[in-house]
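Encoded as structure tokens, the structure appears first; notes follow it.
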Amino acid sequence: MKLRVLEIKNLKVYFKTEEGIVKALENVNLHVDKGEILGVVGETGCGKSVTALTVLRLLSNTSEISGEILFEEKNLLELPESEMLKIRGKEIAMIFQEPMTSLNPVFTVGQQLTDVIMQHTKVSKEEALKRAIEVLRLVKLPDPDYIVNKYPHELSGGMRQRVMIAMAISCNPKLIIADEPTTALDVTIQAQILGILKNLKEELGISIIIITHNLGVVAQLCDRVAVMYSGYVIESGTVSEIFQQAIHPYTRGLLKAIPPVDEKVDKLKVIPGIVPNLISPPSGCRFHPRCERFIDGRCNIYPPEIQYLSETHSFMCHNPYELL
Amino acid sequence: MKKSEKVILKTEELLKSFKVKKNFFSEPQWIYPVDKVSLEIFEGETLGIVGESGCGKTTLGRTILRLLEPNGGKIYFNGEDITNLTHKEMRNYRKHMQIVFQDPYSSLNPRMTIYDILKRPIKIFKLCDKTQEPDLILETLRNVGLDKQHLIRYPHEFSGGQRQRIAVARAIISKPKFIVLDEPTSALDVSVQAQIINLLTELREKHNLTYMFISHDISVVKHISDRIAVMYLGNIVEIGPTDSVFYNRYHPYTKILISSVPLPDVKKKAEFKLDTSEVPSLFTKFNGCKFVDRCPYKMDKCSDEKPAMYKVAQDHYVRCFLYEKDGKGGGEGK
């Protein structure tokens, strides 16, 4: 029986705005086991970033949240802020998309790292600095004792992202949530960063949730995948199940929309239409207006329930494809 | 394969430089994002330009269209030298040389309706008289998959993909021969990207357009391009037919670049190499090959001499001394 590090159950997140209530997450269910990398995939408006922020309770107070987020048996949504402070950065760490805006520009790398380390562990400044240099070395930054004295703007995008990862692992977290960690980086740097993340999982046993829209990254890095669409996890499974045995029309559409690398096609298969408005989403299944498997009277009235194809493969659909 | 022998666009040792300060206290230095680039683009083909940050691909696209003024070299459009034409003289050419930008959110004027945005080129290029204007606008809009009801709306009322369609409409309304597409799908979701790519392919066939498709997304470039040029720090280091470049990867940089792309294929798992080499900044001075510090195949002469382009296969050239014996210097893309 695998150890579940994080389990999200029936998560619902609505935001009150001037234009109306934004129904960002409707019924999100996903989990991460110890030592595994879960990819959360989806397009604009699917709710993947909101999910990550909700886990760490980083949402504003215009949000209405219900459901459960279980981390080591504790429901994070019920913890007082004082308890959450001990979890953020120490038990669960986050890496954001834009390393320039998530590192403080007026402090050196060393100062920011030691700040985090001393916040969460009882060590002296010297010991914290030693640890800082150690984690910079772990993320393969050359000359870590030189880098500690540098400011973020003196480093390249790839180096900054490595500093972010170093910061995330500095207090030995059980779980890292990486929100589009390589989207802003060149492809060769991306390959290096993904290698570091894979290493963290293999050598340190850290569980990772990687949020991305890049299916190539998911195929190469992840053990399991959760595909999100407009506030739901519409399909989830091992990376083989999702890439080779996807049954949800949206997942299939997404996979076919990527230009294939090893064959020549004239036209890419498209999913017609655009992502739905979250203030007034479509009735029933939110994907129904774009779905080629749409059943009138069912898909536009009843939201789908979670069903299981196997122990690992789940989906939410009234009319999925047959398994190949 | 080349669609035709007619050269629509040609550059000869095109140079674009900027004088910049590395930081507040330093002296300004010259950087050369386009460092004597020579290329030819044939009618009806799509030339893909790939490369990472600082390689100069965007600067190249803009300099070719004279949106940035070249600092050296020549640009020929349809055989005519347009390098030093005045802006007034360029007007006649701009009808035939258009651009689609990366960011659909900042490339459309937020205070103009779609009708106004498409009316602009008609007015500037005198494409038709006032009575024919609405028909031309509607026809162009329909060509990109939008319709009548969209004409009175403003850009902010559309999604990213729709805005990009409007940007494409604006580019094709003057019936250009050549379009520079600068990362046209990078800001879009995967499924929307597919829609725009299909649209671009369709329009290319329908109107016999020639594209220069700039992107960092190698799988997209591979799908849409007939030939690919790989850029590194201001130079084209490899250029050839798409499949030949993609599968042969002659230049050491091309090898690293293409093998870094994560494949959405679970059966082909990549080994992530934990090396730490990065692209040097444009401020770095090189006496010889610019790739020398990162190159696993470097020889002594690489630090001291600049390699020329050497032919490695049909229409395929590589800027690397490894291929000097096989090919002769010179040929397309010097």
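Just so it is clear, none of the values below were taken in a lab; they were calculated from the coordinates. Values in this document were obtained by computation on a predicted structure and should not be read as measured data. Glycine also receives a Cβ, built like all others from the backbone with ideal geometry; neighbour counts cover every protein chain displayed.
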For A:V225, A:V270, A:V265, order by how many other beta-carbon atoms lie within 10 Å, fewest first: A:V265, A:V270, A:V225
Work out the mean other chain Cβ neighbour count within 10 Å for the residues of B:312-320 and drop it here as an integer. 0
Whole percent per 5 Å bin, from 0 to the bin with the longest distance: what is P(r) over all C-alpha pairs of the range A:211-324? 2, 11, 21, 23, 21, 14, 6, 2, 0
In Å³ and rounded to a whole number, note down the convex hull volume per residue for the Cα atoms of the range A:106-172. 71 Å³
Of all the C-alpha pairs in the range B:1-90, what % are more than 14 Å from each other? 68 percent
Give a quick list of trypsin sites (Lys or Arg not before Pro) in the range B:29-125 that DSSP marks as loop, anything other than H, G, I, E or B, with at most 10 other Cβ atoms within 10 Å. B:R111
With x for Gly and Pro, the residue-by-residue ³J(HN,Hα) of the range A:7-16, computed from phi through the Karplus equation 6.51 cos²θ - 1.76 cosθ + 1.60 at θ = phi - 60° and given in whole Hz, is 9, 10, 10, 6, 6, 10, 9, 10, 10, 8
Expected vector for the range B:7-17, Karplus 3J(HN,Hα) from phi with 6.51, -1.76, 1.60 and θ = phi - 60°, integer Hz, x for Gly and Pro, equals 8, 7, 9, 9, 10, 10, 6, 5, 10, 9, 10
Give me Rg over Rh for the protein assembly as shown, both radii from the alpha carbons and Rh done the Kirkwood way, two decimal places. 0.97
Residue order, fewest to most surrounding Cβ atoms within 10 angstrom, among A:L77, A:L85: A:L85, A:L77
D (µm²/s, integer) via Stokes-Einstein for the range B:251-310, Kirkwood Rh across alpha-carbon pairs, 25 °C, 0.890 mPa s: value 180 µm²/s
Estimated translational D of chain A in µm²/s (Stokes, Kirkwood radius over Cα pairs; 25 °C; 0.890 mPa s): 118 µm²/s
Table column - 3J(HN,Hα) (Hz), the range A:234-246, Karplus curve with 6.51, -1.76, 1.60, x for Gly and Pro: 7, 7, 8, x, 5, 5, 5, 4, 6, 7, 10, 9, 5
Using only Cα atoms, what is the ratio of the radius of gyration of the range A:1-118 to 2.2 N^0.38 Å? 1.17
Going through the range B:217-318, which GluC sites (Glu not before Pro) have at most 16 other Cβ atoms within 10 Å and a DSSP loop state? B:E271, B:E305
Can you give me the angle between helix A:109-120 and the longest principal axis of chain A, using Cα atoms only, in degrees from 0 to 90, rounded to the nearest 10? 80 degrees
Grab the DSSP H runs of the protein assembly as shown that are 4 residues or longer, score each as -39,500 (n - 2.57), total them, divide by all residues and round the 222 nm result to the nearest 500 deg cm²/dmol. -9000 deg cm²/dmol
For B:Q98, residues with placed amide H under 5 Å, excluding near neighbours: B:F178, B:I179, B:V180
List the residues whose amide H sits under 5 Å from the amide H of A:I234, counting only those 5 or more places along or on another chain, with H placed 1.01 Å from N in the peptide plane. A:V227, A:M228, A:Y229
Magnitude of the Cβ-charge dipole of chain A, K/R +1 and D/E -1, about the Cα centre, nearest 20 debye? 120 debye
Which order do the peptides B:38-46, B:249-257 take when ranked by the mean count of other beta-carbon atoms within 10 Å per residue, highest first? B:249-257, B:38-46
For chain B, radius of gyration divided by Kirkwood radius, i.e. Rg to Rh on alpha-carbons: 0.98
Can you give the average number of partner chain beta-carbon atoms within 10 Å of each beta-carbon in peptide B:184-196, as a whole number? 6
For the range B:117-267: span of alpha carbons on each principal axis (Å, largest first): 57, 31, 27
Longest DSSP-loop-exposure-free segment, GluC sites (Glu not before Pro), chain A, at most 11 other Cβ within 10 Å: A:74-262
Kirkwood Rh, the range B:105-173, all Cα pairs: how many Å? 11.8 Å
What is the Rg over Rh value, at two decimals, for the range B:197-324, using alpha-carbon atoms and the Kirkwood definition of Rh? 1.00
5 Å-binned pair-distance histogram of the range A:36-186 (Cα, whole percent): 2, 9, 17, 20, 20, 15, 10, 5, 1, 0
Could you check the simple spin-label distance between B:M299 and A:L309, using points 7 Å along Cα→Cβ, in nm with one decimal? 5.4 nm
In degrees from 0 to 90, rounded to the nearest 10, what is the angle of the helix B:114-125 Cα long axis to the longest principal axis of chain B? 80 degrees
Which residue fluctuates the most in chain A, going by a Gaussian network model with Cα springs under 10 Å, if the choices are A:A191, A:A166, A:A246? A:A191
In the structure shown, of A:K48/A:K130; B:K16/B:K88; B:K74/B:K123; B:K6/B:K123; A:K267/B:K126; A:K48/B:K268, the pairs separated by more than 32 angstrom at the C-alpha atoms are A:K48/A:K130; A:K267/B:K126
Hey, got the average number of other protein chain Cβ atoms within 10 angstrom for residues in A:216-229? 3
